[in-house]
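Right, one structure below, let's go through it.
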Amino acid sequence: MVRVVDLDYLPSDQYWRLCHKVDWGNVSTSPSSSVVFSFQDAGGVTTSASLTMRLARNAVISVHGTLPDETRGQFRGENTFFSGFIPGISGIPNVEAKTARRVVLKACSFGDPNVYLRNVLNLLSLEQIEQIQGWLAPLLGEVKINVSFDEDKDFNISAEAELKGSTVPLELLGTGYLQLIQIFCYILLFKKNLTG
């Protein structure tokens, strides 16, 4: 078991949605995510390590797997990192509190729309979001962007995308989508005369 607060990196605060097209469950027969790593030594012998992750109770992720002794050095060590996450232009935070319009516009003018993407989308009108969806359709296919924030109830802006019958949190949308959405948001925020 791994507590969510102990993770160095979490791709989404809605981690139970990391399974493909279904949410993780918390029993052994429910949906989960599995990864298998295979290593081949110089003699051609293949060894595999595997893990399965699923939802557990109280903000915990259940992790089960196999890690043969001969593969441990690949994954563990005081200064050994198996993989790394390096956010680029499309990396967005897992959550965004609503920020003042002036702060959002200033950040965007400095080239930081990814840090405020939900805020930017929240500033746009429904017609402008539909325009972004229209621009995305011929490039990457149909996508619907849903943004919500209730001034009386919410601390954070909620943003999801619907595509190919699935709904995902904005931060789990693919890199191409996120980059294009950011570019189109720039156009709509700063160059309204180009939207025709």
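Using a cut-off of 13 Å between beta-carbons, work out the net charge of the residues near ASN156 (Lys and Arg +1, Asp and Glu -1, ASN156 not included).
With Lys, Arg at +1 and Asp, Glu at -1, the neighbours total -4.
Let me have the relative contact order for the chain, percent, based on Cα pairs under 8 Å that are six or more residues apart.
The value is 16 percent.
Explain nothing, just the number: relative contact order of segment 18-65, from Cα pairs under 8 Å at least 6 residues apart, as a whole percent.
It comes to 30 percent, rounded to a whole number.
Please work out the FRET efficiency for the pair ALA59 and SER148, using the Cβ-Cβ distance as r and a Förster radius of 25 Å; give the result to the nearest 0.05.
0.60
So which of LYS21/LYS98; LYS98/LYS153; LYS153/LYS191 end up more than 22 Å apart, counting from Cα to Cα?
Over 22 Å Cα-Cα: LYS21/LYS98; LYS153/LYS191.
For segment 2-75, what class follows from the C-alpha gyration tensor (a ≥ b ≥ c being the square roots of its eigenvalues): rounded when a/c is under 1.5, otherwise prolate if a/b is larger than b/c, else oblate?
Since a/c reaches 1.5 and a/b is larger than b/c, the shape of segment 2-75 is classed as prolate.
Report, to the nearest 10°, how far helix 175-190 tilts away from the longest principal axis of the Cα atoms in the chain, using its own Cα long axis and a range of 0 to 90°.
Once rounded, the angle reads 20 degrees.
Can you tell me, using C-alpha contacts under 8 Å and at least 6 residues apart, the relative contact order of segment 101-194 as a whole percent?
Value for segment 101-194: 25 percent.
Round to a whole angstrom and tell me the spacing of the C-alpha centers of segment 1-77 and segment 137-196.
30
Quick check: convex hull of the Cα atoms in the chain, volume per residue, rounded to a whole Å³?
Cα-based convex hull of the chain, divided per residue, equals 181 Å³.
Is the shape of segment 101-194 rounded, prolate or oblate, going by the alpha carbon gyration tensor and its root eigenvalues a ≥ b ≥ c, with a/c under 1.5 for rounded and a/b larger than b/c for prolate?
Since a/c reaches 1.5 but b/c is at least a/b, the shape of segment 101-194 is classed as oblate.
Every number here is computed from the coordinates shown, using simple stated rules; none is lab data. If you're wondering where the values come from, they're calculated on a predicted model, not measured in any experiment. Glycine also receives a Cβ, built like all others from the backbone with ideal geometry; neighbour counts cover every protein chain displayed.
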